[in-house]
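Reading through the structure tokens given below for one structure.
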Number of protein chains: 2
Amino acid sequence: MHDVSTQTRKQREIQQREGRILDAARRILLERGYLGLTMDRIAQAIDYSKGTVYQHFTSKEDVIAAVTIQTFETRMDLIERAATFSGRPRERMVALGEADELFFRLYPDYLRAQQIIRIGSLLAKTSDERLATIQAQRSRMLGIATGVIRDAVAQGDLVLPMQMTAEEMAFGLFSLVLGGRTLTGSRSELSVLGMADPFRTIRQTTFLLLDGFGWRPLTTEWDYEHTLQRVRQEVFPNEVERARGARV
Amino acid sequence: MHDVSTQTRKQREIQQREGRILDAARRILLERGYLGLTMDRIAQAIDYSKGTVYQHFTSKEDVIAAVTIQTFETRMDLIERAATFSGRPRERMVALGEADELFFRLYPDYLRAQQIIRIGSLLAKTSDERLATIQAQRSRMLGIATGVIRDAVAQGDLVLPMQMTAEEMAFGLFSLVLGGRTLTGSRSELSVLGMADPFRTIRQTTFLLLDGFGWRPLTTEWDYEHTLQRVRQEVFPNEVERARGARV
DNA sequence: ATGCATTCTGACGCTTCGTCAGGGAGTGTC
DNA sequence: GACACTCCCTGACGAAGCGTCAGAATGCAT
């Protein structure tokens, strides 16, 4: 073996380069879309040869997967912070929703990468390891949501309706949010719908779905707008500020 | 000008070929995914040269768009039939949901094509005319949903909650269904969720969302399972039978 | 048969992908 | 400082797909 510090320097350089690749990919993806993202372009952007890029990623789909994995960590960070919010379980669920809304406002490129990756035949081109990571991330996020649901049941705030499981309820909530974001993402669909503030609509619909679940206290019994204010001030003051700045 | 009937024969032939192209594309898309769909492959499948395929479509994305447009007509057909179902407005909304569920059961390839087309930079490669058609189709479908919502309001069964508009409510419903289908589409996500019957879960969640909207009669006041049975028997006997056969 | 119009074809140039033989650059040894 | 060794980087290359277009083929009219 040779000098450790030198070894490390090189390794650090490589590690760093991976970050630069992802940054470049993110930018290109946002500017030129999926078809505009090419390995040559990435290589040129980071001023290395294509072969070097291929030492980090097996394909351009693999790069995109890595982009989503990286950004997902930020997403989880916000969600985990939201989960620490103290209050009735339903208030914590509202906090989770707010965390995710802020996330999508702050990182609009995530949605795009996500949608590309979701296309079956593309995901198949990523490395197995990355695939497993994505799987693990999803289940981590799901765990937090079902956890809050179970807490609500334990506290007597919620009786699972129609013999649904906590997972099925979480599935419903995720569906609503994912679908809403997807529709929001394609400008043309929004214009058809003539929606002013899709984020607000998704939020309101989520509130009403929770009412439909019979999750106490209902919106008629509790001021969730106030809860929202608290979450924003107490948990996400910086993010709210940044989201205000970012035009989405 | 020459003989009209001959002219027509040729034109019919061309028309017919367009159908064959779409059929082939659908099949290839289902079997080999987006990346496996190539213009050469399509040409080979219909036993014509690539150039001929290009006389119908400008690009492979254009083909996919045409696939969705064609299948969407089937979707609209089911939805329009559902809209004729007589009953309280909420029952008609249930009928719409059932129509769409049957549609996705019967034509699973639609979801795939849809997701591809939704990716911005791909949609950009389709012809303007097709783009306009897609736009028109969406607004047609939206119109039916908002129509039912407005009927409910007119009949006093529904008071729009939280100052939402009919369009925003429709947006919420579409979001839920679209998101649910998307999650259902990717096997890996389902396995994480451990869902037995995602279609049922989406249906139940929709019911509960309508409850959340305060749309009378609520599930506690009315047997919508019975409504569902009626819809299936009275409007979609054939489709239900076919859906039973199709393993999705 | 001949001319004309319309349609079809596949070879072609171009782009991107992913690979890999060969050329550094850095490190350790004497 | 020379040499050997390892690790990393490079860009040229074959393969594959895209979209085009000059020319062949087909069908119709006279």
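The values are calculated or read from the model by the stated rules, or taken from the named source; none is laboratory data. A quick note: this is a predicted structure, and the numbers were derived from the prediction, not measured. Note that each Cβ is placed from the backbone with ideal geometry, even for glycine, and that neighbours are counted across all protein chains shown. To get the accessible areas, we keep the full protein, side chains included, count just its heavy atoms, and leave off ligands, DNA and RNA. Shrake-Rupley method; radii C 1.70, N 1.55, O 1.52, S 1.80 Å.
Residue check: A:Gln55 meets all listed conditions (1) away from chain B (no Cβ under 14 Å); (2) over 23 Å from B:Leu122 (Cα atoms); (3) in contact with a helix residue (DSSP H, G or I) (Cβ under 7 Å, 6 or more places away or on another chain) but one, namely (3). Checking the condition of a type outside the set (Val, Ile, Thr) and open to solvent by 50 Å² or more (accessible area, probe 1.4 Å), which residue from A:Arg75, A:Arg81 passes? Unique residue meeting the criteria: A:Arg81. Among the residues of the range B:112-131, what is the count of those that are more than 10 Å from chain A (Cβ to nearest Cβ) and open to solvent by less than 60 Å² (accessible area, probe 1.4 Å)? Going through the range B:112-131 one residue at a time, the tally reaches 5. Quick check, is B:Leu102 away from DNA strand D (no atom under 16 Å from the Cβ) and part of a helix (DSSP H, G or I)? Yes: the conditions hold for B:Leu102. Taking helices (runs of 4 or more DSSP H) as the structural unit, those lying wholly within the range A:5-93 and holding at least 1 residues that are more than 16 Å from DNA strand D (Cβ to nearest atom) correspond to A:60-83.
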